[in-house]
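> Mind looking over this structure? Questions follow.
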Amino acid sequence: MRKAIVMGASSGIGHEVARLLITQGWTVGVAARRTDKLTDLQTSAPERVITAQIDVTNSVADTQLLQLIGRMGGLDLYLHAAGIGWQNPNLDANKELKTMETNALGFTRMVDCVYRFFETNGGGHIACITSIAGTKGLGPAPAYSATKAMQNTYLQALEQLANSKHLNIHFTDIRPGFVDTPLLAGTSNFPMLMTTEKAAQSIMRAINTRRHVCVIDTRWRIVTYLWRHIPNWVWRRMKLN
Ligand SMILES: NC(=O)c1ccc[n+]([C@@H]2O[C@H](COP(=O)([O-])OP(=O)(O)OC[C@H]3O[C@@H](n4cnc5c(N)ncnc54)[C@H](OP(=O)(O)O)[C@@H]3O)[C@@H](O)[C@H]2O)c1
């Protein structure tokens with residue numbers, strides 16, 4: 001039986017992907033800070049769903065993750081969907097630093113922990129929900145776009161490292177465009193907004209076909225391609241809302 005952990009399964013994309021994994025017969029460890037929605041998932045398949053309350057910004061989160069892997073009796077797939085973000089044009093320091101703490105430090109703590117586990121336990125698959133926001137620095141969301149670019153680069157680095165050591169670790173960097181989740185609550189006018197269900201199905205396809213990098217969806221693939229080719233001297237002068 002295949003075993004997966006979804007970090008950030010209490011809401012949005014992570015919750016929906018966890019639901020699909022459960023439906024497809026996986027044994028699933030679901031983790032986040034809030035446990036009520038995790039319990040809902042567990043109720044749907046009590047014998048195959050294990051919950052854990054984990055805050056990725058906590059220094060003991062890696063130990064808690066290893067304990068969850070132990071409770072599951074091993075791991076094949078780790079999906080990192082935990083993340084926060086805001087539009088923060090006024091540079092509220094608390095928002096910027098919290099985003100760094102969760103999306104950069106918390107991400108590194110968790111992904112490194114799983115990498116080391118797979119290194120000594122025969123390998124596995126690490127998939128992370130990053131974002132198209134890492135394509136270029138975004139004026140209205142400095143910490144969010146910077147941490148997403150960091151995640152993209154970090155995964156690329158880990159994949160090269162794993163290959164150089166001939167480790168059996170596969171990586172999938174999943175970069176969605178706008179998805180209708182609580183992360184976007186309070187702000188409006190998001191173009192080409194996807195439903196959580198549609199995004200989760202595309203994410204499952206990217207994982208099952210072992211893609212290395214996957215922008216979701218096709219429309220966003222075209223946008224990010226064009227976006228990447230905007231010269232820096234133009235980008236510096238563009239006003240984004
Ligand atoms: N929505 C979009 O348009 C969009 C687009 C591209 C990429 N993404 C990325 O997709 C990922 C999921 O976001 P979402 O849109 O699904 O948002 P969401 O509905 O707010 O879900 C975020 C998840 O992350 C968890 N989380 C946040 N901080 C955490 C922490 N310190 N420790 C453990 N878990 C934590 C939350 O659980 P608790 O609060 O219970 O801890 C929740 O389960 C994020 O990395 C986001 O950047 C989203």
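> Please enumerate the residues belonging to the stretch 182-202 that are more than 11 Å from the ligand (Cβ to nearest atom), part of a helix (DSSP H, G or I) and not polar (S, T, N, Q).
Passing the criteria: GLU197, LYS198.
> I need the full set of residues from the stretch 118-151 which are polar (S, T, N, Q), touching a residue at least 40 places away in the same chain (Cβ under 8 Å) and buried (at least 20 other Cβ atoms within 10 Å of the Cβ), in order please.
Of everything in the stretch 118-151, those that are polar (S, T, N, Q), touching a residue at least 40 places away in the same chain (Cβ under 8 Å) and buried (at least 20 other Cβ atoms within 10 Å of the Cβ) turn out to be THR130, SER131, THR135, THR147, GLN151.
> In the stretch 223-241, how many residues are without any contact (Cβ under 8 Å) to a residue 60 or more places away in the chain and either surrounded by 14 or more Cβ atoms within 10 Å (Cβ to Cβ) or in a helix (DSSP H, G or I) (or both)?
5
> Checking GLY25 against (1) free of Cβ contacts under 8 Å to residues at least 40 places away in the same chain; (2) away from the ligand (no atom under 16 Å from the Cβ); (3) buried (at least 21 other Cβ atoms within 10 Å of the Cβ), which test does it fail?
Checking GLY25 against (1) free of Cβ contacts under 8 Å to residues at least 40 places away in the same chain; (2) away from the ligand (no atom under 16 Å from the Cβ); (3) buried (at least 21 other Cβ atoms within 10 Å of the Cβ), the one that fails is (3).
> Can you spot a residue in the stretch 87-95 that is touching a strand residue (DSSP E or B) at 6+ places or on another chain (Cβ under 9 Å) and in a helix (DSSP H, G or I)?
The answer is no; no qualifying residue exists.
> Has the stretch 52-68 got any residue that is more than 19 Å from the chain's Cα centre (by Cα), farther than 22 Å from LEU167 by Cβ, surrounded by fewer than 18 Cβ atoms within 10 Å (Cβ to Cβ) and among the charged types (D, E, K, R)?
No, that holds for no residue.
> What pairs come up if the first residue lies in the stretch 195-222 and is touching a residue at least 60 places away in the same chain (Cβ under 8 Å) and over 26 Å from GLY25 (Cβ atoms), the second is away from the ligand (no atom under 12 Å from the Cβ) and part of a helix (DSSP H, G or I), and their beta carbons are under 7 Å apart, counting only those six or more places apart or on different chains?
VAL215/ARG221
> Here's something else I'd like to know. Condition check: out of contact with any Pro (no Cβ under 7 Å at 6 or more places or on another chain), among the aliphatic types (A, V, I, L, M) and surrounded by fewer than 10 Cβ atoms within 10 Å (Cβ to Cβ). Does ALA206 satisfy that?
no
> Considering each of ASN168, ASN103, ASN121 in turn, give the residue that is of a type outside the set (Val, Ile, Thr), at pLDDT 95 or above and within 13 Å of the chain's Cα centre (by Cα).
Of ASN168, ASN103, ASN121, the one residue that is of a type outside the set (Val, Ile, Thr), at pLDDT 95 or above and within 13 Å of the chain's Cα centre (by Cα) is ASN103.
The values are calculated or read from the model by the stated rules, or taken from the named source; none is laboratory data. Just so it is clear, the model here is predicted, and its values are computed rather than measured. We place every Cβ from the backbone using ideal geometry, glycine too, and count neighbours over all the protein chains shown.
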